[in-house]
Amino acid sequence: MKVGLTLFTTLVLLPLYTLFAQSSSPTTVEALRASEGITVDGILNESAWKRSGFVDFKQREPNQGEAATEKTEVWVAYDDEALYVAARLYDSAPDSIMQVLGRRDAFVTADWFTFFIDPYYDRRTGFFFSVSAAGTKSDGTMYNDDWDDASWDGVWEGEVTIDQEGWVAELRIPYSQLRFHQMSKYLWGVNFKRDIGRKNERSYAVYTPRNESGFVSRFVNLVGIDNVVPARQFEILPYLNTRAEYLQHKANDPFNNGSRYLPGVGADMRIGLGSNLTLNATVNPDFGQVEVDPAVVNLSDVETFFQEKRPFFIESSSTFEFGYGGSNNYWGFNWSNPTLFYSRRIGRSPQGGLPAHDYADLPFGTHILGAAKVTGRVGEGWNIGTIHTATKREFATIDLAGQRSSVEVEPMTYYGIARAQKEFNNGRQAIGFITGLTMRSFDDNRLKDQMNSDALVGGIDGWVFLDTNKTYVLTGYTSFSHVQGTPARMTALQRNSSHYFQRPDATHLRVDSLATSLTGFAGRLLLNKQKGRVILNAAIGFVDPNMEPNDLGFLGRTDVINGHVVTGYQWTDPNDYYRSLYLRVATFGNLDFEGNKIWHGYFHNGFLTLPNYYSVYWGAAYNPTTVSNRRTRGGPLTSTPPGRELWIGVDSDSRKSLVLSLYVSSYTRKDEPSIYLESSLQWKPAPNLTFSAGPSYSTSTTFAQWVGAYDDATAAATYGKRYVFATLEQTSLSANIRLNWTFTPALSLQLFLQPLISSGEYYDFKELARPSSYDFRTYGTEGSTFDAASHTADPDGPGPAPAIQTGNPDFNFKSLRGNAVLRWEYRPGSTLYLVWTQSRSDFENTGEFRFNSSMSRLMEAKPDNILMLKFTYWWSI
C-alpha cells in the first residue's frame with residue numbers, strides 16, 4: 001500500500017508532457033465508385049472487382065511480421081447507399097478450409113474474413129464486420145483504440161462461396177449502419193484480417209505487435225469516396241409476442257390456477273439524427289430475457305451481480321462505461337468499483353414490501369412504459385450517450401382471510417443517464433462526464449420508508465499519456481452520489497450491508513436517525529505501462545462510507561481505500577519450448593477510513609502457451625493477518641487469520657474437434673480448507689454442431705459463518721449484542737451444459753441446462769468472545785449450553801442471559817434451469833424466436849450432500865414452464 005502511494009506521489013509530481021508521435025504515413029486503400037449494381041452473392045463478377053486489390057497481408061500469429069502463408073486480395077467499392085467489400089481468399093488446400101457454422105456473433109475457431117472501419121477517422125473507435133467460410137456473421141464496435149464490443153448487431157449483408165481456389169467473401173454495409181461526419185470527400189481508416197483456423201494464423205493489413213498497444217490508430221487510409229449523401233436513417237422494428245406460463249402455485253391460491261397467457265405488442269425505432277447521432281426509442285418494449293440467469297447460493301452480505309442480456313441496453317453499452325479508457329489494462333485486487341449505471345436496475349422486480357396476507361399476486365418485473373437512447377458524436381469530437389426511461393406504478397393484489405385489496409409495490413419512476421467524453425491530440429488526453437438521476441413519485445406513503453425518493457450520481461474521468469511514444473498512461477476518475485428520503489429510509493440505508501454505520505467500535509461512523517439525505521464520493525487513479533516486455537500497473541482508489549449509487553448503479557461495499565502494484569515480464573517470441581510466457585508479481589492492500597488494514601496480500605501468476613497451442617496458467621497468493629469490518633455485519637471488528645491460495649489450469653488446442661480444460665484452486669486459512677474444481681469439454685462432432693459441458697465442484701469449511709446478532713444487555717464485552725457464528729461445511733456441484741445446432745447462418749437452435757446441488761451443514765455454534773479477535777466461545781462449553789434438537793443456545797446456562805433461538809440454518813438446495821431458443825433471421829434484421837424455459841427446485845433442511853437422493857428429488861419436483869413466441873420485422877424507411 002505504501003509502495004503504491006509513494007509511486008503515485010512521485011508520478012504526479014513529474015512534469016506531464018504530450019507531443020504528437022512521429023510516424024510514417026499509413027498505406028492507402030482506394031475505394032471505387034461502382035458503375036453497375038453489385039449483387040452480394042459471393043461471386044465476384046462485377047467490374048468493381050476486376051482491378052488489382054490490396055494483397056499486402058502480414059502475420060501477427062503465429063510468425064509475427066512474416067508474409068501470410070496464403071494469398072488474400074481485397075477490394076472496396078461504394079455507391080450512394082452502401083460500402084462494398086470483396087475478398088478473394090486463396091487456399092492451397094481448399095478441402096481443409098475450416099467451415100464451422102455457428103449462430104451470429106459466435107466467433108469460433110474457423111476461417112474468417114473481417115473488415116474494420118474507423119469512419120470518424122479519430123484513430124480510436126470504429127466498427128467491425130466478420131464473415132466465416134461457412135457464412136456465420138459477427139459484428140460489433142471498437143473503442144479505446146484496443147477494445148471491441150460484439151453486442152451491437154447491425155443490418156448488413158455478407159455472402160461466401162467456396163471453390164477450387166479457396167473461398168470468397170462479399171459484404172454490403174449500408175451507410176445507415178455507420179456514423180461519420182458528412183463531407184464532400186471522405187478519409188476513413190480501415191483494416192482487414194484473415195483467420196486460417198487450421199494453422200492458427202491471423203494476418204492483417206496492419207497489425208499490433210505483441211508487446212505494443214494501439215489497434216485502430218494503426219489503420220490504413222481509405223480514400224476515393226466522394227459526393228456521398230446518405231439518406232436519413234429511419235428504422236422501425238415492430239414486434240408481436242405471446243407468452244404462456246405454467247407455474248407452480250399454492251393450493252387454493254385465488255390468483256394462480258397454474259396457467260397464464262400474456263400477449264404483447266410494441267415497437268423499437270432507430271432514427272438517424274444526421275450522420276453522427278442515432279436515436280433508439282421503444283414503445284411498450286419487450287424486455288423479457290431470452291437467456292436465463294444462473295442459479296446461485298449466496299450466503300454473503302453482498303448482492304449478486306447479473307449481466308445485462310436485454311438488447312436495448314446491451315447495444316452501445318460501452319458508451320456509458322465510466323472510469324475506463326486510455327489504459328489497455330485494469331487490475332483490481334478486492335476493489336469494489338462503483339458502477340454508476342447498472343441497467344438491470346431498470347425493470348427489476350418491484351421492491352416494495354407487502355402487508356400481512358395469505359396469498360399475493362405480484363408482477364414479475366416492473367413494466368417499462370417507454371425508453372429512448374441517443375448515442376453518437378457532436379461538436380468538436382464529443383462522444384455522447386443518454387438514456388431516458390419511465391417505469392410504471394406497479395400493484396400487487398393480496399388476499400387476507402378472503403378479503404382482497406390492491407397494494408402499491410413500486411412507484412412510478414424515471415431513470416436517466418447522460419455521458420459525454422472528448423479526446424484530444426489523437427487520444428493522448430481525454431476528459432469525460434457522467435450523470436444519472438432516479439426520481440420516484442409515491443402514491444403510497446408506506447413506500448417512502450422503503451425506497452429513496454431521489455438519487456443523483458455523477459463523475460469526471462479521463463486520462464493522459466506521459467510520453468511521446470504512448471508507453472505510460474495515467475487514467476482516473478472521481479464520482480459522487482446523493483440520495484434523499486425520509487429519516488426512516490436514510491436510517492435503514494446507513495445500517496444496510498453496503499454501509500454498516502452502526503458498527504459500535506467505529507470512531508469514524510455513526511447513524512444519523514434524523515438525516516434526510518446521504519452524499520458520498522469515490523475515486524481512483526491508475527498508472528499502466530501500455531507496451532514493452534516489462535509489465536507495470538499500479539492504482540490507488542477510495543470509496544467513501546457514504547457512497548450510495550445503487551438506485552441506478554451497483555456497489556457492494558463502501559469505506560475502502562485500495563491500492564496495488566503489479567509488475568512482471570513477458571516473453572512473446574516463439575521458440576522450441578513455448579509460444580509465449582507471462583510472469584507477474586503483485587502486492588495489494590485495503591484500509592478502511594479509520595485506518596484498519598482490512599485486506600493485504602502478495603500475488604504471483606503465470607501464463608504459458610506451448611508450441612502445440614496448449615496453455616497452462618497458475619498462481620499463488622498469501623494474505624497476512626488483517627481485520628474484518630464486515631464479518632459481524634454491523635458489529636465490531638474481528639481478526640482475520642492469514643491465508644494461502646494456489647491455483648492451476650490447463651486448456652487444450654481450440655482447433656481440435658474435442659477441446660478440454662481443467663482448473664483447480666485451493667484456499668486455506670487456519671482450519672478452513674476449501675477446494676474448487678472446474679472442467680469443461682467442448683465437442684464439435686460436425687461443423688454446425690457444438691456440445692459443451694462445464695461441471696464444477698467445490699467443498700469448503702468456514703470456521704465462522706454468520707448466523708445472527710442477538711440483543712443481550714449482559715454481553716458487555718461485545719457492546720450489548722451476541723454475534724453468533726457456526727462452522728459451515730458446504731459442498732456444491734453444478735454444471736453448464738450447452739448444445740448449439742446451427743442449421744444455416746440464419747437459423748439456429750440453442751439448448752442450455754444448469755443443474756445445481758448445494759448443501760451446507762452448520763455445527764459448533766459459537767459467539768464472538770471479544771472485538772478485534774478471532775476468538776469464539778463455542779456453545780456447550782464454559783458454562784453455556786446448546787440444544788441441537790431445538791437449536792437453542794444459552795450463553796450462561798442458569799445465568800441471566802436470555803436464551804438464543806438460532807433456528808436450523810442447514811440447507812440442501814437443488815435447482816435445474818434450462819431453456820431452448822430457436823432463432824430464425826428470415827430476412828436481414830427480422831427475426832422469429834421460439835423460446836421454452838423450464839425451472840424446478842427443491843429445498844431440504846438438511847446439510848448432508850447426497851447426490852443420488854438430490855437428483856431424484858429434483859427430477860420429481862414439479863417444474864415451471866414458460867413458452868414464448870416472438871416475431872419482429874425490420875423496416876428501413
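The values are calculated or read from the model by the stated rules, or taken from the named source; none is laboratory data. Predicted model only: the values in this text are computed from it and were never measured. In this analysis, Cβ positions are derived from the backbone assuming ideal geometry, glycine residues included, and neighbour counts consider all displayed protein chains. Heads up: the accessible areas ignore ligands, DNA and RNA and are worked out on the full protein's heavy atoms, side chains in. Shrake-Rupley method; radii C 1.70, N 1.55, O 1.52, S 1.80 Å.
Summary of computed values
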| item | result |
| --- | --- |
| One residue from Ala396, Ala455, Ala430 being touching a strand residue (DSSP E or B) at 6+ places or on another chain (Cβ under 6 Å) and closer than 19 Å to Arg123 by Cβ | Ala430 |
| Residues within segment 649-660 that are acidic (Asp, Glu) and buried (at least 17 other Cβ atoms within 10 Å of the Cβ), tallied | 1 |
| Single unsatisfied condition, Ser839 versus (1) hydroxyl-bearing (Ser, Thr, Tyr); (2) under 13 Å from Ser759 (Cβ atoms); (3) within 26 Å of the chain's Cα centre (by Cα) | (2) |
| Filter result (open to solvent by 40 Å² or more (accessible area, probe 1.4 Å) and either among the aromatic types (Phe, Trp, Tyr) or more than 30 Å from Gly266 (Cα to Cα) (or both)) within segment 310-330 | Tyr324, Asn328, Asn329, Tyr330 |
| Condition broken by Ala401, with the remaining ones in (1) touching a Ser or Thr at 6+ places or on another chain (Cβ under 9 Å); (2) surrounded by fewer than 21 Cβ atoms within 10 Å (Cβ to Cβ); (3) on the phi > 0 side of the Ramachandran plot satisfied | (1) |
| Exclusive hit being closer than 30 Å to Thr727 by Cβ, open to solvent by 30 Å² or more (accessible area, probe 1.4 Å) and in a strand (DSSP E or B), set Tyr617, Tyr582, Tyr663 | Tyr663 |
| Breaking point among (1) under 30 Å from Phe725 (Cβ atoms); (2) surrounded by fewer than 16 Cβ atoms within 10 Å (Cβ to Cβ); (3) under 15 Å from the mean Cα position of the chain (by Cα), for Gln307 | (1) |
| Criterion (assigned to a strand (DSSP E or B), acidic (Asp, Glu), closer than 24 Å to Thr701 by Cβ and open to solvent by less than 50 Å² (accessible area, probe 1.4 Å)) met by exactly one of Glu761, Glu767 | Glu767 |
| Options Gly224, Gly166, Gly189, Gly197; residue that is touching a strand residue (DSSP E or B) at 6+ places or on another chain (Cβ under 7 Å), under 24 Å from Asp111 (Cβ atoms) and not polar (S, T, N, Q) | Gly166 |
| Hits in segment 620-640 (condition: part of a loop (DSSP other than H, G, I, E, B) and either without any contact (Cβ under 8 Å) to a residue 12 or more places away in the chain or open to solvent by 20 Å² or more (accessible area, probe 1.4 Å) (or both)) | Pro624, Thr625, Arg630, Arg631, Arg633 |
| Single condition Arg738 does not satisfy, out of (1) touching a residue at least 40 places away in the same chain (Cβ under 8 Å); (2) closer than 23 Å to Tyr676 by Cβ; (3) buried (at least 17 other Cβ atoms within 10 Å of the Cβ) | (3) |
| Scan of segment 231-247 for residues that are touching a strand residue (DSSP E or B) at 6+ places or on another chain (Cβ under 8 Å) and modelled with pLDDT under 85, ordered by number | Arg232, Gln233 |
| Single unsatisfied condition, Pro755 versus (1) closer than 18 Å to Ala803 by Cα; (2) outside any loop (DSSP other than H, G, I, E, B) | (1) |
| Only listed residue being more than 29 Å from the chain's Cα centre (by Cα), in a strand (DSSP E or B) and not polar (S, T, N, Q), chosen from Val457, Val407 | Val407 |
| Residue ID - farthest from Asp653 (Cα to Cα), chosen from residues in segment 702-720 that are surrounded by 17 or more Cβ atoms within 10 Å (Cβ to Cβ) and of a type in the set (Val, Ile, Thr) | Thr718 |
| Given (1) more than 28 Å from the chain's Cα centre (by Cα); (2) surrounded by 14 or more Cβ atoms within 10 Å (Cβ to Cβ), number of the condition Pro828 does not satisfy | (1) |
| Of residues in segment 842-877 being among the hydroxyl-bearing types (Ser, Thr, Tyr), closer than 30 Å to Val155 by Cα and modelled with pLDDT of 90 or more, the one nearest to the chain's Cα centre (by Cα) | Thr872 |
| Index of the failed condition, Leu646 passing every other in (1) within 24 Å of Gln754 (Cβ to Cβ); (2) open to solvent by 60 Å² or more (accessible area, probe 1.4 Å); (3) without any contact (Cβ under 8 Å) to a residue 40 or more places away in the chain; (4) under 26 Å from the mean Cα position of the chain (by Cα) | (1) |
| Residue that is farthest from Asn200 (Cα to Cα), among those in segment 86-100 that are in a strand (DSSP E or B) and open to solvent by 10 Å² or more (accessible area, probe 1.4 Å) | Arg88 |
| Selection count, segment 419-441, where residues are open to solvent by less than 40 Å² (accessible area, probe 1.4 Å) and either at pLDDT 95 or above or not in a loop (DSSP other than H, G, I, E, B) (or both) | 11 |
| Tabulated pairs, segment 98-120, first farther than 22 Å from Asp163 by Cα and modelled with pLDDT of 95 or more, second crowded, with 23+ Cβ neighbours inside 10 Å and of a type in the set (A, V, I, L, M), C-beta under 7 angstrom, 6+ apart or interchain | Phe116/Val190; Ile117/Val190; Asp118/Val216 |
| 2 or more residues closer than 19 Å to Ser203 by Cα and either open to solvent by less than 40 Å² (accessible area, probe 1.4 Å) or in contact with a helix residue (DSSP H, G or I) (Cβ under 9 Å, 6 or more places away or on another chain) (or both): qualifying strands (runs of 3 or more DSSP E) within segment 28-85 | 58-61, 72-78 |
| Criterion violated by Thr366 - all others in (1) within 22 Å of Gln248 (Cα to Cα); (2) surrounded by fewer than 19 Cβ atoms within 10 Å (Cβ to Cβ); (3) among the polar types (S, T, N, Q) satisfied | (2) |
